[in-house]
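Structure first, then comments.
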């Protein structure tokens with residue numbers, strides 16, 4: 001009996017086909033449509049439409065004169081982004097260790113993932129009371145210190161897109177859920193060069209975060225200290241922790257090619 005396919009099945013199958021086409025062109029650049037179709041299991045219509053989308057997205061280049069297809073520049077961007085993340089993680093390790101040992105609190109390296117934050121590495125200390133590990137976890141930008149660092153770097157258009165996509169829900173009674181208050185808050189973060197999570201994501205947990213910049217001057221990551229509030233109150237974050245974090249983030253930024261000049 002014929003079974004009608006669900007729409008999601010078509011979508012998943014087309015995604016699979018898109019990867020097959022990209023991997024094929026990685027092996028056989030400057031291939032013609034007929035050559036692609038002979039090696040990829042899909043209808044002429046499917047393959048043609050998928051290639052059209054990939055061309056529009058910059059993942060495939062089409063040579064009109066030769067009528068051949070090759071990988072586009074977007075693949076380099078994705079690959080370079082991955083390499084950069086591996087590189088920054090390697091370069092950041094001694095700084096995570098130094099800061100973690102100096103303050104005897106957990107220190108994290110956080111990257112932006114869409115409109116969220118992901119912690120990709122850490123130096124975690126051994127103490128009786130600790131903040132649970134955040135490595136691999138996604139955190140909301142507006143309620144985390146590292147997220148505020150990235151929010152503070154967004155231009156007006158991207159901020160507007162953020163507020164369209166992200167619902168400001170409260171995680172604690174201190175979470176900033178008012179758009180105008182948040183805008184004022186991240187403006188201050190940009191001016192002062194650091195951000196604090198004052199129990200806005202988790203109760204009884206405070207965090208301080210500073211930006212790490214790459215060779216273009218853009219924020220590539222954030223160095224973040226996370227600790228129980230009773231052990232590291234907000235005043236201590238500002239008077240004792242902040243300056244050392246800014247200093248080490250600056251050193252790490254220089255290793256990534258950043259220069260203030």
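Here the Gaussian network model covers the chain, with springs between Cα atoms less than 10 Å apart; of 107, 166, 118, 166 fluctuates the most. For the chain, the longest principal axis of the Cα atoms and the long axis of helix 73-103 meet at an angle of about 20 degrees. Based on the Kirkwood radius over alpha-carbon pairs, what value in µm²/s does the Stokes-Einstein equation return for the translational diffusion coefficient of the chain at 4 °C and 1.567 mPa s? Translational D for this selection: 62 µm²/s. Per-peptide packing, taken as the mean over residues of other Cβ atoms within 10 Å, places 192-198, 153-159, 31-37, 252-258 in the sequence 192-198, 252-258, 31-37, 153-159 from highest down. In the chain, the DSSP-assigned H stretches of four residues or longer account for a calculated mean residue ellipticity at 222 nm of -14500 deg cm²/dmol, using -39500 (n - 2.57) per stretch and the full residue count as denominator.
Per residue, the average separation of C-alpha pairs within less than 8 Å and at least 6 apart gives the stretch 7-71 a relative contact order of 40 percent. In the chain, Cα pairs under 8 Å separated by at least six residues give a relative contact order of 14 percent. Helix 7-27 and the long axis of the chain differ in direction by around 80°, with both axes built from C-alpha atoms.
Against the chain, whose longest principal axis comes from its Cα atoms, helix 44-57 is set at around 40 degrees.
Read-outs: derived from the displayed coordinates by stated rules, not from any lab. None of these values were measured; they are calculated from a predicted model. Glycine also receives a Cβ, built like all others from the backbone with ideal geometry; neighbour counts cover every protein chain displayed.
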